[in-house]
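Novice: The structure under discussion is supplied below as structure tokens; questions concerning it will follow.
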Amino acid sequence: MRDFSQDLSQLSINTATVRKQWPLDRIIDECARRGIRAIAPWRDQVAAVGLDAIARQLRSTGTRLSGYCRGGFFPAKDATGLRAALDDNRRALDEAKTLDAPCLVLVVGSLPGALDGQPAHRDIARARAEVRDGIAATLEHARSLGLPLAIEPLHPMQAAERACINTLEQALDLCDELDPARSGALGVAVDLYHVWWDPKLAQQIARAGRERLLAFHVCDWLTPTRDLLNDRGMMGDGVIELQRARAWMEAAGYAGHAEVEIFSDHWWAQPGGLVLDTCIERYRTVV
Ligand code: ZN
């Protein structure tokens, strides 16, 4: 397994981790100043500063992306909504290309309207079919840009609102269906917060292999967890066996970044510099 204790070359910061403290241009500077060479930004953070300005700043600071957040949310209540989702995913891919991202992360969506507390229906099988069709349609544009799509399975507690793909096995079944040749255009983002509990995790990481393992997100699972979305833990503060999982990833051929992604009301209330310094220390010692 790679030694993370001596250098920061494989550390990436998902910029949601400090989104309450700083705008994206400041985050890039604060990361670069600390020797963090990679980030994964969110579309709204990029838009708030400007796509071209961010692209320039990434180049001038020598910062790379470990992924771009995010595409997806394919299901909709009607045909107009389905088309709008496809258009939005094309735009996300174009932005990702401008920023030279290695992949577009997909949070695939589920019951339309559920995120706002008003699900249009309860047919999760329909949502899954729309996700499959949406990814299939988006894959053509992704191939033309040479920019892979990374399906991120989300913990089943978010199956209604955010993603009807909830295990790595389910995500990989879809990859096999839509990209049987393992072309590299479609794969998965393994976010340990969502999949750490899965008894098939090791087996499915091995199944995915190098071509399908496009991103690796780390944080920790706190006990107790007080909020389903915004109570992620700092690495080392919870129960996820981070190094064991990283060993599985690397044994399967993954050689990319460990991306720290922490949505946390606790960490958003801390000074941004303290958060980044803590990420660095935990990356060196427990990731
Ligand atoms: Zn993630």
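The values are calculated or read from the model by the stated rules, or taken from the named source; none is laboratory data. Quick caveat: nothing in here was measured; it's all calculated off a predicted structure. Neighbour counts run over all protein chains shown; Cβ positions are idealised from the backbone, glycine included.
Novice: Does PHE74 satisfy the condition of being farther than 21 Å from MET234 by Cα, aromatic (Phe, Trp, Tyr) and in contact (Cβ under 8 Å) with a residue 60 or more places away in the chain?
Specialist: Taking the combined requirement at face value, the residue satisfies it.
Novice: Now a separate question. Applying the selection to region 264-281, what residues are farther than 17 Å from LEU11 by Cα and either surrounded by 21 or more Cβ atoms within 10 Å (Cβ to Cβ) or in contact with an Asp or Glu (Cβ under 6 Å, 6 or more places away or on another chain) (or both)?
Specialist: SER264, TRP267, listed by residue number.
Novice: Among (1) away from the ligand (no atom under 14 Å from the Cβ); (2) touching a residue at least 40 places away in the same chain (Cβ under 8 Å); (3) closer than 18 Å to TRP268 by Cα, there is one condition MET235 misses while meeting the rest; what is its number?
Specialist: With (1) away from the ligand (no atom under 14 Å from the Cβ); (2) touching a residue at least 40 places away in the same chain (Cβ under 8 Å); (3) closer than 18 Å to TRP268 by Cα applied to MET235, the lone miss is (1).
So that you can scan it fast, the table gives a plain yes or no per residue for (1) over 26 Å from LEU149 (Cα atoms); (2) among the hydroxyl-bearing types (Ser, Thr, Tyr); (3) in contact with a strand residue (DSSP E or B) (Cβ under 7 Å, 6 or more places away or on another chain); (4) not in a helix (DSSP H, G or I):
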| residue | (1), (2), (3), (4) |
| --- | --- |
| VAL190 | no, no, yes, yes |
| HIS194 | no, no, no, no |
| ASP198 | no, no, no, yes |
| THR225 | yes, yes, yes, yes |
| ILE262 | no, no, no, yes |
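Novice: Residue by residue through region 51-76, note down the ones that are in contact with an Asp or Glu (Cβ under 9 Å, 6 or more places away or on another chain) and more than 16 Å from the ligand (Cβ to nearest atom).
Specialist: LEU51, ALA53, ILE54, ALA55, GLN57, LEU58, ARG59, THR61, ARG64, PHE74, PRO75, ALA76
Novice: Hey, PRO153 hits all of (1) part of a helix (DSSP H, G or I); (2) within 22 Å of PRO41 (Cα to Cα); (3) in contact with an Asp or Glu (Cβ under 9 Å, 6 or more places away or on another chain) but one; which does it fall short on?
Specialist: If we test PRO153 against (1) part of a helix (DSSP H, G or I); (2) within 22 Å of PRO41 (Cα to Cα); (3) in contact with an Asp or Glu (Cβ under 9 Å, 6 or more places away or on another chain), just (1) comes out false.
Novice: Hey, THR138 hits all of (1) among the β-branched types (Val, Ile, Thr); (2) within 15 Å of the ligand (Cβ to nearest atom); (3) touching a residue at least 60 places away in the same chain (Cβ under 8 Å) but one; which does it fall short on?
Specialist: Failing condition for THR138: (2).
Novice: Pairs, please: C-beta under 9 Å, at least 6 apart or cross-chain, first residue closer than 19 Å to LEU86 by Cα and among the charged types (D, E, K, R) and in region 96-109, second away from the ligand (no atom under 13 Å from the Cβ) and part of a loop (DSSP other than H, G, I, E, B)?
Specialist: As it stands, the answer is LYS97/GLY146; LYS97/LEU147, since those pairs meet every condition given.
Novice: Suppose we filter ALA125, ALA181 for residues that are in a loop (DSSP other than H, G, I, E, B), more than 16 Å from the ligand (Cβ to nearest atom) and free of Cβ contacts under 8 Å to residues at least 40 places away in the same chain; which single one remains?
Specialist: Result: ALA181 is the single residue among ALA125, ALA181 that is in a loop (DSSP other than H, G, I, E, B), more than 16 Å from the ligand (Cβ to nearest atom) and free of Cβ contacts under 8 Å to residues at least 40 places away in the same chain.
Novice: I'm trying to understand the selection: among the residues of region 185-209, which are under 17 Å from the mean Cα position of the chain (by Cα) and either more than 16 Å from the ligand (Cβ to nearest atom) or among the charged types (D, E, K, R) (or both)?
Specialist: ALA185, LEU186, ASP191
Novice: Has region 170-188 got any residue that is under 18 Å from ASN89 (Cβ atoms) and touching a Gly at 6+ places or on another chain (Cβ under 8 Å)?
Specialist: Checked region 170-188: at least one residue is under 18 Å from ASN89 (Cβ atoms) and touching a Gly at 6+ places or on another chain (Cβ under 8 Å).
Novice: Next question, about the same structure. I'd like to check something: does region 91-110 contain any residue that is more than 19 Å from CYS219 (Cβ to Cβ), in contact with a His (Cβ under 6 Å, 6 or more places away or on another chain) and in a helix (DSSP H, G or I)?
Specialist: yes
Novice: Within 17 Å of LEU111 (Cα to Cα), of a type outside the set (Lys, Arg) and at pLDDT 95 or above: does that describe ALA163?
Specialist: The answer is yes for ALA163.
Novice: A further question on this structure: Of all residues being touching a residue at least 60 places away in the same chain (Cβ under 8 Å) and part of a helix (DSSP H, G or I) in region 27-63, which is farthest from the chain's Cα centre (by Cα)? Just the residue, please.
Specialist: Of everything passing the filter in region 27-63, GLU30 is farthest from the chain's Cα centre (by Cα).
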